[in-house]
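This report concerns only the one structure given below.
The values are calculated or read from the model by the stated rules, or taken from the named source; none is laboratory data. Being a predicted model, the structure only gives us computed values, none of them experimental. A quick note on method: Cβ atoms are made from the backbone with ideal geometry, for glycine too, and the neighbour counts reach across all protein chains shown.
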Amino acid sequence: MGTQAQMPSGLIAQPPWQALTKTLDRLHPVVMICAASEILWINRAGAACLGHADPAGLCGRSFFEFLHKDYAELADFGLAVFAEEEGAISIKLVHADQHDIDAQMWVSPLEDGLYMVECHDMSEHLRAARALRQREQRLEGIINTVADGIITLDERGVIQTFNPAAEHIFGFSKEEVLGKTLRALMPDSLVDDGRPAKDWVQLLSQMAHLTGKKKGGEEFPMEMSVRELQQGEYLSFTGIVRDISARRAEEERIFYMAHHDALTGLPNRHLLDDRIEEAFKRSRRHHYKMALLFVDLDKFKPINDRFGHAVGDDVLKEVARRMGQVVRATDTVARVGGDEFMVLLEELTTVAEAEDVAGKIKAAVSAPMALFGHEMAVGASIGIGVYPDHAKDMCELMNFADQAMYRTKNQTRV
């Protein structure tokens, strides 16, 4: 302990550090004045932090009494060793009720071999940090188990995180994409537009359905939801990605089923109507003719009745195949009823062209066919309607072709 100077008047002079105690007593951290390891003075907040109501009751005790047993060996070195450290030292103090206090300590040398010890209680801070880490770990666990790909990007569009689902969707490992821009996951045709990465990522935030690119170069449909996050002066983006290949394939299958005949695979009446409507628009715009052929099979019912529906179905499939072979790829053959078909012909210049196609269809359909060990044949009654020669609109054209077919069928019966 430092010596106290004798004043001329006979009074003992107070040591210099005592002049600071009024100020130090107002501080919230633990503040002690120690000689070697003996506590000469401690502030009220410090005594309370250690679980003691009377600061004076702690004077004369060793600082190291309040240090956790894990740090007991440090007592051999004394406070002088701690005073040599420039930064904070992480320690654990012990409360009067024996619970631990996580703290950071600074030791400053004073005159006469004394030390000022300052300890900040970090328990709440560390508990908050541990709770934050636990929340982050839980969130990371959720991110790593969800089926959707989750990708975070900085404001330059550079990938910062890439969860396991994203690895599965794109075929890249996290290590292969971190530090690269999102362009690495998109087809070249989509990203090579010269936009800065930041502008390009912000553009993606306005889009829902995109095309992704797997590691092997395979393109696939995906949904991507991009959200912007402003954290102070830092801008980042979070993208949630879902591979919708299976859903798109199912949608296409349902659309196909709704617009095609299940037996022959030909377009049905709904799809034919759409194509006729579009064909009318093109015909009017470019001033060329278009034709509808109404084809009704002859002698089909006796075959169906004699050999059964299985054979009848095969006859219809063979008829559909033959009709498809004699028209152009741009023409449409549709099945519109049990044994009724319609053919849409575009870009004609004369009615004779439609009549020529009708003749080819009739010859192809009427040729004998061998099915299930039996040779059989059907015929075809065909009605022709040509726009603009026979009608002004789709409804009139269909009626004209229908009536022409019935006239042909009646003539065949005669």
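Structure values in brief
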| item | result |
| --- | --- |
| Pick from the stretch 119-174, criterion more than 12 Å from the chain's Cα centre (by Cα) and of a type in the set (S, T, N, Q), ranking: nearest to Ile101 (Cα to Cα) | Ser123 |
| Search result, residues across the stretch 98-135 that are small (Gly, Ala, Ser), in contact (Cβ under 8 Å) with a residue 60 or more places away in the chain and outside any helix (DSSP H, G or I) | Ala103 |
| Matching residues in the stretch 136-177 - criterion: being assigned to a strand (DSSP E or B), within 17 Å of Lys213 (Cβ to Cβ) and free of Cβ contacts under 8 Å to residues at least 60 places away in the same chain | Ile159, Phe162 |
| Which listed residue is assigned by TED's automatic domain parsing to the domain that holds Phe64, acidic (Asp, Glu) and either more than 26 Å from Gln231 (Cα to Cα) or touching a Lys or Arg at 6+ places or on another chain (Cβ under 8 Å) (or both), from Glu155, Glu118 | Glu118 |
| Of all residues making up the stretch 24-81, the number that are out of contact with any His (no Cβ under 7 Å at 6 or more places or on another chain) and not in a helix (DSSP H, G or I) | 28 |
| Selected residue (criterion: modelled with the highest pLDDT) from residues of the stretch 178-189 that are farther than 16 Å from Asp154 by Cα and either assigned to a helix (DSSP H, G or I) or not assigned by TED's automatic domain parsing to the domain that holds Ile151 (or both) | Asp188 |
| Output for the stretch 354-375, where each listed residue is surrounded by fewer than 19 Cβ atoms within 10 Å (Cβ to Cβ) and in contact (Cβ under 8 Å) with a residue 40 or more places away in the chain | Ala364, Ala367, Met369, Leu371, Phe372, His374 |
| Output for the stretch 209-242, where each listed residue is surrounded by fewer than 10 Cβ atoms within 10 Å (Cβ to Cβ) and at pLDDT below 85 | Gln230, Gln231, Gly232, Glu233, Tyr234 |
| Entirely in the stretch 293-399, the strands (runs of 3 or more DSSP E) that have 2 or more residues that are under 49 Å from the mean Cα position of the chain (by Cα) and either small (Gly, Ala, Ser) or under 30 Å from Arg282 (Cα atoms) (or both) | 332-335, 340-348 |
| Residue within the stretch 71-87 that is surrounded by 14 or more Cβ atoms within 10 Å (Cβ to Cβ), touching a residue at least 60 places away in the same chain (Cβ under 8 Å) and more than 22 Å from Met122 (Cβ to Cβ) present | no |
| Candidate set: the stretch 249-268, residues that are surrounded by fewer than 15 Cβ atoms within 10 Å (Cβ to Cβ) and touching a residue at least 12 places away in the same chain (Cβ under 8 Å); chosen: the one nearest to the chain's Cα centre (by Cα) | Ala258 |
| Unmet requirement for Pro15, which otherwise passes all of (1) at pLDDT below 85; (2) on the phi > 0 side of the Ramachandran plot | (2) |
| Near pairs, Cβ below 6 angstrom, 6+ apart or cross-chain, from the stretch 390-409 (crowded, with 16+ Cβ neighbours inside 10 Å) to any residue that is assigned to a loop (DSSP other than H, G, I, E, B) | Leu397/Ala391; Phe400/His390; Phe400/Ala391 |
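Residues checked against (1) more than 20 Å from Met323 (Cβ to Cβ); (2) β-branched (Val, Ile, Thr); (3) out of contact with any strand residue (DSSP E or B) (no Cβ under 6 Å at 6 or more places or on another chain); (4) not assigned by TED's automatic domain parsing to the domain that holds Arg321:
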position	(1), (2), (3), (4)
Thr350	yes, yes, yes, no
Lys360	no, no, yes, no
Gly373	yes, no, yes, no
Glu396	yes, no, yes, no
Asp402	no, no, no, no
Met405	no, no, no, no
